[in-house]
Amino acid sequence: MKKIFTWFLRKDLNLKNRWWHRLLSILFIISFLVFIFNQITSNYNEPLEVPQWKIVNTLSERITSTIKNIGDMVEIGEKIGEKNRTYVLNDVSDPYYEGILNDVYCSNELANDYEKVQKNRNAVDLYTGGSFSRNKVSAEEFSNYIKQYDVKCLVVDSFSSADFSKIVFLNTDKTYQDDWAFYEESISKSILFFIINFVAILIQSLLLFYIIAIIYYKIILYIIFGSKKNI
């Protein structure tokens with residue numbers, strides 16, 4: 001095993017007695033440590049901070065017969081997010097996330113409760129079909145659609161009309177009840193994540209500096225001293 005890491009050394013040159021080699025060795029070690037530190041800190045928003053998350057409840061598990069926006073369902077220390085996309089939970093809250101908290105309402109009795117949201121948010125129109133294929137419908141069609149497809153969540157959205165006035169509307173969206181969940185930080189997962197990534201960075205760094213050492217001993221020193229022995 002030792003030969004794997006020392007086969008390239010030029011012991012014939014007695015380099016320990018050369019001051020410039022000792023200086024380069026110290027700079028090499030310092031550079032290696034600084035490189036690892038920079039790799040670790042540049043991989044995360046804050047040094048050594050890599051929170052991981054675990055599901056507490058799915059959104060559908062917290063929906064009750066009382067209509068609430070998602071912000072009222074989130075408990076202290078929790079975040080709401082899509083399943084299998086927990087990495088976005090480490091991002092700073094943005095208008096999209098705030099919109100989900102404030103503008104998504106859920107209820108097991110949505111067919112009846114949507115009118116409360118419509119009144120409180122001054123929504124003019126009703127749409128069904130989700131964000132990408134919505135269709136404008138009547139109140140009766142809206143209620144029937146919710147019952148037929150077991151929709152439990154709606155989104156308060158808006159657009160600008162031809163005269164640039166803001167038109168608020170309600171739109172059904174099943175993706176929230178199907179694909180979203182509440183998360184809290186997991187200490188054990190965070191520690192494991194850090195260890196795995198630290199080991200990966202360490203191995204990559206060792207491999208890089210191993211290659212640099214080979215270049216130094218086998219190419220640079222060969223250029224300076226050639227293949228002569230005991231210089």
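Values in this text are rule-based calculations from the coordinates and carry no lab data. Model, not experiment: these values are computed from the prediction. Don't worry about glycine lacking a Cβ; one is built from the backbone with ideal geometry, like all the others, and counts go over all protein chains shown.
By per-residue mean of other Cβ atoms within 10 Å, what is the highest-first order of 206-212, 146-152? Don't skip to the end; give the middle numbers.
Numbers: 206-212: 12.6, 146-152: 15.9.
Result, highest mean Cβ count within 10 Å first: 146-152, 206-212.
Could you work out the local net charge near S60, counting Lys and Arg as +1, Asp and Glu as -1, over the other residues with Cβ closer than 9 Å to its Cβ?
0
Return the subset of K119/K189; K83/K136; K79/K166; K54/K136; K83/K116; K119/K147 for which the Cα-Cα distance in this structure is over 32 Å, preserving the input order.
Pairs exceeding the cut-off: K119/K189; K54/K136.
I'd like the Kirkwood hydrodynamic radius of the stretch 52-186, using the inverse of the mean 1/r over distinct C-alpha pairs, in Å.
15.4
Could you tell me the calculated FRET efficiency between Y87 and K11, based on Cβ-Cβ distance and R0 = 45 angstrom, to the nearest 0.05? Don't skip to the end; give the middle numbers.
Working: r = 48 Å, r/R0 = 1.08.
E between Y87 and K11, to the nearest 0.05, is 0.40.
What is the magnitude of the charge dipole of the chain about its Cα centre, with +1 placed on the Cβ of each Lys and Arg, -1 on the Cβ of each Asp and Glu, and no other charges, expressed in debye to the nearest 20?
Magnitude of the dipole: close to 2640 debye.
Of F164, F142, N57, which is farthest towards the positive pole of the stretch 33-176's charge dipole, taken about the Cα centre with +1 and -1 on the beta-carbons of Lys, Arg and Asp, Glu respectively?
It is F142.
Rounding to the nearest 10 and keeping the result within 0 to 90°, find how far the Cα-based axis of helix 110-120 lies from the longest principal axis of the chain.
Once rounded, one gets 90 degrees.
Three principal axis extents, largest first, for the C-alpha atoms of the chain, in Å?
96, 43, 26
Per 0.36 nm of contour for each residue apart, how much would the distance between I224 and E61 grow if the chain were fully extended, relative to their Cα-Cα spacing?
Between I224 and E61, full extension yields an extra 51.5 nm.
For helix 19-42, report the angle its Cα long axis makes with the longest principal axis of the Cα atoms of the chain; keep it between 0 and 90° and round to the nearest 10°.
That helix lies at roughly 10 degrees to the long axis.
How about K152: which aspartates and glutamates have a C-alpha closer than 17 Å to its C-alpha, ignoring those fewer than 8 places off in the same chain?
E61, D72, E82, D103, E109, D113, E115, E140, E141, D173, D178, D179
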